[in-house]
Each structure stands twice: as C-alpha cells, then as structure tokens.
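The values are calculated or read from the model by the stated rules, or taken from the named source; none is laboratory data. Keep in mind that this is a model prediction, so the values were computed, not measured. In this analysis, Cβ positions are derived from the backbone assuming ideal geometry, glycine residues included, and neighbour counts consider all displayed protein chains.
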Amino acid sequence: MVLYDSATLGGSCSGSSSSSSSSKPPPLQQRQQTQQDIDGLLAGAGYRVRSSELRKVAQRLERLETAMVNSPADLSQLASDTIHYNPSDLASWVDSLLSEFTQPPTCPSEFIMDPETNQTVVSDAWTTAEPHMPQVHQNISYEQQSLNNQLTVVTAMEEDSGIRLVHMLMTCAECVQRGDFSLATSCLEDMQGLLTRVNTVCGIGKVAGHFIDALSRRIFQGIGGGTINGGSAYENEILYHHFYEACPYLKFAHFTANQAILEAFDGHDCVHVVDFNLMHGLQWPALIQALALRPGGPPLLRLTGIGPPSPDGRDSLREIGLRLAELARSVNVRFAFRGVAASRLEDVKPWMLQVNPKESVAVNSIMQLHRLLGSDLNRNSPIETVLSWIRSLNPKIMTVVEQEANHNQPGFLDRFTEALHYYSTMFDSLEACTVQPHKALAEIYIQREIANVVSCEGSARVERHEPLSKWRTRLSGAGFRPLHLGSNAYKQASMLLTLFSAEGYSVEENDGCLTLGWHSRPLIAASAWQAVSDGTADFPA
Amino acid sequence: MAGSNEVNLNESKRVVPLNTWVLISNFKLAYNLQRRPDGTFNRDLSEFLDRRVPANINPVDGVFSFDHVDGATGLLNRVYQPSSLNEAQWGMVDLEKPLSTTEIIPVIVFFHGGSFTHSSANSAIYDTFCRRLVSLCKAVVVSVNYRRSPEHRYPCAYDDGWAALKWVKSRTWLQSGKDSNVHVYLAGDSSGGNIAHHVAVRAAEADVEVLGNILLHPMFGGQKRTESEKRLDGKYFVTLHDRDWYWRAYLPEGEDRDHPACNPFGPRGRSLEGLKFPKSLVVVAGLDLIQDWQLAYVEGLKKSGQEVKLLFLEKATIGFYFLPNNNHFYCLMEEIKNFVNPNC
C-alpha cells in the first residue's frame, strides 16, 4: 500500500523520503533535492514530473503527436505491440514511445511559423489567459507529508451487529495497547456474546471471530507465539497449498515473478534460481516449461530451494527436487537441484548456495523478506544481512512479492486496525471460492497470519508486512534499483485472473510494480530488482 | 481534422498552464492508443495506464474516504467525507449515526467523466477532484464506479447511476437536518454529466427527490454538425472524430447520435415539461467543441419550464477543473458551493 502522500502527491520516488522507515541516512543528496522539484499538482493526478522538466516533456508530447498524425500505421503498432512501463514517470514513458517511431520526427518544437506573417517566432506559448494562481504549496515537501499521513484502507460494512463488533474490537485492542487487561477481558466476553448473534459463516462475523481469538491468545497466553507458531512445516505446506488453490494471490505471485525471471534470463545459457521458500515447488514447473519453449533452446537451469528442515528424517526438499528434475527431463531442460535446509532465512550463508561466477542468478522471494524485519538489537538486523549477501551474488534479478499492508507499525492499535481491514478484504475475496476443502484450509492459513500479527511480539512475530513504499525505500537504500514490470506482464496477469478467478479481483500498475487486490484494495504486490553495481560486487556483472 | 496539427497544438498551449497542458495532452495521447479504429477498445492497456489511488480512512487535508462494494452487483461507490473535528474518531467509519441532526449536509452523487469509456471512481484525477469538492463545498461526495463502454453500452451507466442514487437515498448514515433526509445532488463531468441528467429524469419519474444537478461540460451531441464543432474541431485537445467514436461505443449498435441518450432535446427527445426535475447548474467551457449541444441542452431545460443556471467560462478548455491552477477552477467551486448550500 503506498502512503497516500508519496504515491499521489509526490510520486513514489525510489530513494530516501520517509524518515521513519529506514535508519540509514539518504544515500544521495542530489536525489533529495530533485524530489522537492516534483510538480505537486501533477502528482495529485498520479504523475511524477519534475517542474524543471515540464517544458521538455511538453515538447516531446508534441513531437509524438505530430509523429503519430504523420504515420497512422506506426500508431496502430504502437498501440498493440509496444510494451509500456511505469506510466507514472511521464517523461520516460513519452520518451520510450518516441523511440519506437522509425523515423525521428522533424517538427521543430521551439519555433513555429506564425500563420499570419509567415515568420518564425519563438514559441513561448505557456501563458494563461488569466493571471496565474500563486505557486505556493504546489511543490510538496515529502518529509512533511510522510510524517503526517498514514494510509489505512477500509471497505465499509453495514450490518448493525457487524458495526458494533468492529467498534468493540477496536476498544478491546485499545485496552490491550494501554495494558488494561481486565477491561480488555470484559470486552472479549461481550464480543463472544455478540458473535453468537452474528452470522459467522461469512463477512465481518467470520473475520471478527479470528480477531477475537487472536486477542484472547494475546491476553491469556502472552506474546510468545505458542501453538500458533508451533505448527509443523508439513502442516504449513498443506495449508499453503490450499491457499494457493483457493484464491489467485500466490498464482499471481508465481506467474508475475516467473515472467520477470524469464525476461531477465533471455540470452543466458547458465541460469540459477534461488528460491527463498520452496514449499512444494509450485512456482517452478511453469518456468521450466517456459524455458523449454524459449527460442534458441533452454539454458542449463539450476534451482536452489531453501526450506525448513524436516523433523522426521525425510528430506522433503530433495523429494521436491526430484519431482522437478523429472519434469525438466521430460521437456529436455538440463536441470540440477540443490536443497538448503534452514529454519530461518538469516541462517543461510551465501556459500551454501554455491553460486558459480559464470551463471546468471535470480533470487526469488515470495513473502519471505518481511520475516526478517524483526530486529535483534545486539547485532545487524537480519534484513540488512540478507540483502547484503543477496547483493554480493550480483543477481540478474531479484523478484519480491509481499503482502501490501502496514502490519509492522510499532503501535499495537495501528497494527490491529490495519490488519482488521486488510484481512476483512481478503476474507471477502475468499468468499468467491466455493471449492472445499481448499476454502476452509485457506482460511486457516490466513487465520494463522492474523494470530501472528495480533498476538505475537518480538522474534515470535514474523508476519511483519510492510507496504510497497517502504520496500522501495529499503531496497533502494540497500543498493538495489527497480526493474519495471510492464504492460505485457499486466495483460497476462489480467488474463490469468479472467481464466482462473471470480470477478472482483483487480490487477493494478503501481509505479513499475504490479499489485493484485480485491476490488479497489491492493492486497499483494510484486516487484523486481537488480543490484546496483558499484564495483565492489563479488561477481562480475 | 480542422486546422494543421502544429497550429492546433500551439493554440491549446496558449490558454492553459504548462502542467495542465502536459496532463491533458498525455490523456489525449494515451486515449489515442487505446481506441481502435474498428470500434473495439484496448481495455488492458487502458487499465494499465490509468493512475489509481486507494481509499484512505485516515483524513488527509481534512477529508477521508472509504469504498463500499455491493455484494450482489460488484458496483463500487467511494464515499468522501469531511473528517470529524474530534481526532479520536479518525480512522473509523461511523455507520450508525446520521451526518447531522441539526444542519443540512449535502450529499453529492458524482459520476466521473471519460466519455463513458475511460477512468474509474478510483482514478487519481477523480479521487483528487472529489476530495477538493468535499473541502471546498462542505459536502459529502459519493463517487460511482459505473460500468463503461464499449463492454457495457447504454443503458448500463444509467442503470448503475440509478442504483447508486437509490443506495445513497437509503443510507441512514447519510441523512442530515431536522427532517432526517438524505439531501442529494447529482453531479458529473463530461459523460458523468450526461449520466446525471438521465438519472435525474428517472428519479423525477419515480418521485425520488434530487435537490439539484451539476453538469460540468456534459457530454451531449447530435447527428448534425454544429458551428462550435466545426470551428473548434481538434483545436483544444478534442476532435469530432474521437467524439464520434465514443458515441458509437456507448449507444446501441446501429443507432445514430440523435438517440435521446445523446440528444435529449433533439428530434427524438422529449420535453420535461411538468416533471418535477431538479434545478440545474450547467457549466460550459468556451473552448469545448460541443458547447453548442450543451447550450441547446440549457435551452431545452428552459423550454420545459425547468430551473437552470448557465455558467459559461469563455476561456476554459475541457478538464480545467483537474488542477486548481486557474481562476475557472475556483469560480466553479464557489458556484457549486453556493448551489448545494443555498442557505449559506
């Protein structure tokens, strides 16, 4: 979820802005200055253009229009074949369209023929017929805005008891934040009572029940996680699989990441994918098949799958690897698999991945990075450690999919409120699924997330979701630059949704990233990144 | 297209500020890429390019918003309200109490423009516009995400508008005043203005009270070519060619522009005489090529004995209200404010 201010009033620039999210100072003084120069009014319309560049963008728009008028055939090709990227960055979007034209347009933009005198005159046409409004407040200061504004999205529900339940949940959460556990407990009792009068089969009743449970857990069992985090890896995998089947979020994640990885691997013969959470390897058959079909033939594909160790002596990672190898063999893709068992991502060391200097590496993280955000005050935070060794691998691409939510705020009530709205929307979307047992087990999967967000703290709280805007700041600060997902990925994601999902899901483009959400609320965000080379990388580019 | 392209580009540059020119030219360009000559529409590209913003329950500059989706139809309405003076109430939607029991708070049902084809209630330009409406006019705004053409032709947009109006009228939490009524106005720009008119007719026929209509350069037309269309074709961002395309995409197949949806007071239109139709504020931009149709609409209302005020902004182009960087914008907001708060 992009903070309202930085997405719309100022454009979500990569680079530093929000002072609250990153402990590092802004990397480049220059970037900060140019941010102040963004046209605030266009930002409110969703476009990021520097005031100093307005004239240039206008000229390019003019040239483009002239070119389009002069060659309609090119226009229709532009319309159908061109892949568009990041429309918020108007200057680059216009430039990319201009570069598609076969002939550079020759219309001079600074000079026009005055039709009456036939003399060339300097075009200085940006005058208004009426006096300008004063330009005060048109350029927004980010720091100011991001400190004040915080985004929470809600879809209203109207059943009376539903509303009352929400109010009571908020009151209870507020008591918990204040430490007034006796009042919180009596709130809980009231809510349990109200639940009996509310339809708990769907809607607010259902999700409220899970939040009431999570609050109980917190109040009575403490914040250590207990049984919620104690579920076995095997159980987690089952639930994950049903979540995968019941709704399109994971399919979207896999599909979008694979598309980006495929493009990044174009022209490379030795490729290595590092998957931060293998699970059943659901993401990889599609990539293997796509690589098998690519023009020029498939590369040698290595896959390193990271996953938790199996307690019962089975090597489940290896079993998945064998199945994928079987598939690869059947489509003639040379394939090698390696499993890396680790209970926590921060325990993985780069040497375990055995990356070869000659291969192109893709790092794939589906909802894993947020788990590294819990900080141990004694040492480097895990996220910094991991991002740093990812960089040292010099990956061709890093695909990141994360929940688009602000569930890592320090204040409990804020987190609670945000989670209530987020998971209400997610449950709403799940209503569209009618297939059992996928739906029921998917709900348990989500319920565990809720319980973790609400009832855990410290190292037990691993579901520390943060919105795109924060990830952009964090990843840019760690030396990554965005690779934009384009209109082709968008179109294919839309098609996927039409084929496999109910009405109501929507894909949106967000400043080079794609989000999938329910109606107007984005719930999951996919982005792609590349390490900025600064000469100190361990492997050559 | 009338006039050479270069001359036309320079004309439009003279009358709007630079950032406005960039914004509207960008739309023009993007829309050209989306419309196909065979009448089909590249919806994927359109959705990809459209800049969207989510609702925000936390107030920003005194306004908060939230979405409501109708479970049965999937129709989305985005509600914008002024934030409570009591900070403790921020971040929550109170759906149990009316807006006020003493004063009257106007509720403006807003239909965004886009020639029936483009944009959504959550498009950034319209989200921003609705927020400004709330701030400057002291109203609640409900923005309707109606179904668009060519996938959904006439009368879908009107059906959705009517459904939204009924929804708004039946919300107890939108009531205000001592009479505990929802004080509704209909508003829209371009195609939204057209929708507002037709929904108001339906409302009048069903005896559902609408207090006023605000039509911002509403989209009307007709078979014949008017003087303003010929004179201004292509000069200020809009061409007759694209207008024709949008009508062909919206009207039932085989129909022409004298269809009453397009030309309500034309040869196939009807008089509204005797109908309890709301008062209207019709805003016409002097550089809009379809102004003759809008002026004919005003005449049609007058001939039907209906109350109408014309706000003619001589030097305004279409879309002048997207950015608050010109006097037309502030003039418009003042007029709307007075229109919906007649006792202030």
Quiz item: Among the numbered criteria (1) buried (at least 18 other Cβ atoms within 10 Å of the Cβ); (2) modelled with pLDDT under 95, which single criterion is violated by B:S4?
Solution: (1)
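Aliphatic (A, V, I, L, M), in a helix (DSSP H, G or I), within 7 Å of chain A (Cβ to nearest Cβ) and farther than 19 Å from B:F129 by Cβ, is that true of B:L9? Steps first, answer last, please.
On the way: aliphatic (A, V, I, L, M): yes; in a helix (DSSP H, G or I): yes; within 7 Å of chain A (Cβ to nearest Cβ): yes; farther than 19 Å from B:F129 by Cβ: yes.
When the stated conditions are applied, B:L9 passes them.
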Quiz prompt | First in segment B:31-49 and closer than 15 Å to A:D74 by Cα, second anywhere and assigned to a helix (DSSP H, G or I), Cβ under 6 Å, 6 or more apart | solution = B:L33/A:A79; B:Q34/B:L45; B:Q34/B:S46; B:R35/B:W245
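Residues are listed down the side, and each one gets a yes or a no for (1) over 20 Å from A:R323 (Cβ atoms); (2) touching a Cys at 6+ places or on another chain (Cβ under 8 Å); (3) not in a helix (DSSP H, G or I):
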position	(1), (2), (3)
A:F252	yes, no, no
A:E263	yes, no, no
A:D266	yes, no, yes
A:H272	no, no, yes
A:N277	no, no, yes
A:G281	no, no, yes
A:A290	no, no, no
Practice problem: Would you please name the residue that is nearest to the other protein chains (Cβ to nearest Cβ), looking only at residues in segment B:288-344 that are among the hydroxyl-bearing types (S, T, Y) and farther than 18 Å from B:R14 by Cα? | Solution: B:Y330
Quiz prompt | Options B:L272, B:L295, B:L289; residue that is part of a helix (DSSP H, G or I) and crowded, with 17+ Cβ neighbours inside 10 Å | solution = B:L295
Exercise. Answer yes or no as to whether A:I261 is more than 30 Å from A:C513 (Cβ to Cβ), at pLDDT 90 or above, surrounded by 15 or more Cβ atoms within 10 Å (Cβ to Cβ) and not small (G, A, S).
Key: no
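Report, by residue number, each residue of segment B:207-236 that is in a loop (DSSP other than H, G, I, E, B) and either more than 19 Å from B:G269 (Cα to Cα) or modelled with pLDDT under 95 (or both).
Restricting attention to segment B:207-236, the residues satisfying the condition of being in a loop (DSSP other than H, G, I, E, B) are B:207-211, B:217-226, B:233-236.
Within segment B:207-236, B:D207, B:V208, B:E209, B:V210, B:L211, B:H217, B:D233, B:G234, B:K235, B:Y236 meet the criteria.
Filter segment A:76-90 down to residues that are outside any helix (DSSP H, G or I) and within 7 Å of chain B (Cβ to nearest Cβ) and give me whichever is surrounded by the most Cβ atoms within 10 Å (Cβ to Cβ). So that I can check it myself, show each step before the final result.
Of segment A:76-90, the ones outside any helix (DSSP H, G or I) are A:81-89.
Cutting the leftovers down to within 7 Å of chain B (Cβ to nearest Cβ) gives us A:84, A:87-88.
On the way: A:H84: 20, A:P87: 22, A:S88: 25.
The qualifying residue surrounded by the most Cβ atoms within 10 Å (Cβ to Cβ) is A:S88.
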Quiz item: For segment A:59-75, what are the residues that are buried (at least 20 other Cβ atoms within 10 Å of the Cβ) and not charged (D, E, K, R)?
Solution: A:L61, A:L64, A:A67, A:M68
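Condition (residue is part of a helix (DSSP H, G or I), under 24 Å from the mean Cα position of the chain (by Cα), modelled with pLDDT of 90 or more and at the interface with chain B (Cβ under 10 Å from one of its Cβ atoms)) applied to segment A:1-17: is it met by at least one residue? So that I can check it myself, show each step before the final result.
From segment A:1-17, those part of a helix (DSSP H, G or I) are A:4-9; that's our starting set.
Checking which are under 24 Å from the mean Cα position of the chain (by Cα) leaves us with A:4-9.
Then keep just the ones that are modelled with pLDDT of 90 or more; that gives none.
Within segment A:1-17, none of the residues are part of a helix (DSSP H, G or I), under 24 Å from the mean Cα position of the chain (by Cα), modelled with pLDDT of 90 or more and at the interface with chain B (Cβ under 10 Å from one of its Cβ atoms).
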Quiz item: With (1) over 23 Å from A:A362 (Cβ atoms); (2) out of contact with any Lys or Arg (no Cβ under 9 Å at 6 or more places or on another chain) as the list, and A:E508 as the residue in question, which single condition is left unmet?
Solution: (2)
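Would segment A:369-379 turn up any residue that is more than 24 Å from A:Y445 (Cβ to Cβ) and not in a loop (DSSP other than H, G, I, E, B)? Before you say what the answer is, go through the steps one by one.
Filtering segment A:369-379 for residues more than 24 Å from A:Y445 (Cβ to Cβ) gives A:375-379.
From what's left, not in a loop (DSSP other than H, G, I, E, B): none.
Within segment A:369-379, none of the residues are more than 24 Å from A:Y445 (Cβ to Cβ) and not in a loop (DSSP other than H, G, I, E, B).
Within segment A:192-201, is there a residue that is of a type outside the set (G, A, S), out of contact with any Asp or Glu (no Cβ under 6 Å at 6 or more places or on another chain), at pLDDT 90 or above and not in a helix (DSSP H, G or I)?
Here is the first cut: in segment A:192-201, the ones of a type outside the set (G, A, S) are A:192, A:194-201.
Narrowing the set further to residues that are out of contact with any Asp or Glu (no Cβ under 6 Å at 6 or more places or on another chain) leaves A:192, A:194-201.
Within this subset, residues satisfying the condition of being at pLDDT 90 or above are none.
Scanning segment A:192-201 turns up no residue that is of a type outside the set (G, A, S), out of contact with any Asp or Glu (no Cβ under 6 Å at 6 or more places or on another chain), at pLDDT 90 or above and not in a helix (DSSP H, G or I).
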Quiz item: In this structure, is B:N122 closer than 22 Å to B:Q294 by Cα and either buried (at least 24 other Cβ atoms within 10 Å of the Cβ) or without any contact (Cβ under 8 Å) to a residue 12 or more places away in the chain (or both)?
Solution: no
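Please verify whether B:N145 is more than 14 Å from chain A (Cβ to nearest Cβ) and among the polar types (S, T, N, Q), treating the condition exactly as stated. Spell out the reasoning first.
Numbers: more than 14 Å from chain A (Cβ to nearest Cβ): no; among the polar types (S, T, N, Q): yes.
No; evaluated as a whole, the condition is false for this residue.
Every residue, every condition in (1) within 17 Å of B:L332 (Cα to Cα); (2) surrounded by 24 or more Cβ atoms within 10 Å (Cβ to Cβ), yes or no:
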position: B:D127; (1), (2): no, yes
position: B:L136; (1), (2): yes, no
position: B:V141; (1), (2): yes, yes
position: B:D159; (1), (2): no, no
Quiz item: Here are some conditions: (1) closer than 15 Å to A:S527 by Cβ; (2) in contact (Cβ under 8 Å) with a residue 40 or more places away in the chain; (3) not small (G, A, S). A:H421 meets all but one. Which one does it not meet?
Solution: (1)
Quiz item: What about B:P267, is it in a loop (DSSP other than H, G, I, E, B) and over 25 Å from B:N8 (Cβ atoms)?
Solution: yes
Quiz prompt | Filter result (surrounded by 17 or more Cβ atoms within 10 Å (Cβ to Cβ) and farther than 13 Å from A:F252 by Cα) within segment A:486-508 | solution = A:G486, A:S487, A:N488, A:G504
Quiz item: In segment B:35-52, how many residues are within 7 Å of chain A (Cβ to nearest Cβ), in a loop (DSSP other than H, G, I, E, B) and within 21 Å of the chain's Cα centre (by Cα)?
Solution: 1
Self-check item: Residue in segment A:515-538 that is of a type in the set (G, A, S) and free of Cβ contacts under 8 Å to residues at least 12 places away in the same chain present
Solution: yes
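Considering every residue within segment A:36-50, establish whether at least one is at pLDDT below 90 and either out of contact with any strand residue (DSSP E or B) (no Cβ under 7 Å at 6 or more places or on another chain) or more than 10 Å from chain B (Cβ to nearest Cβ) (or both).
Within segment A:36-50, one or more residues are at pLDDT below 90 and either out of contact with any strand residue (DSSP E or B) (no Cβ under 7 Å at 6 or more places or on another chain) or more than 10 Å from chain B (Cβ to nearest Cβ) (or both).
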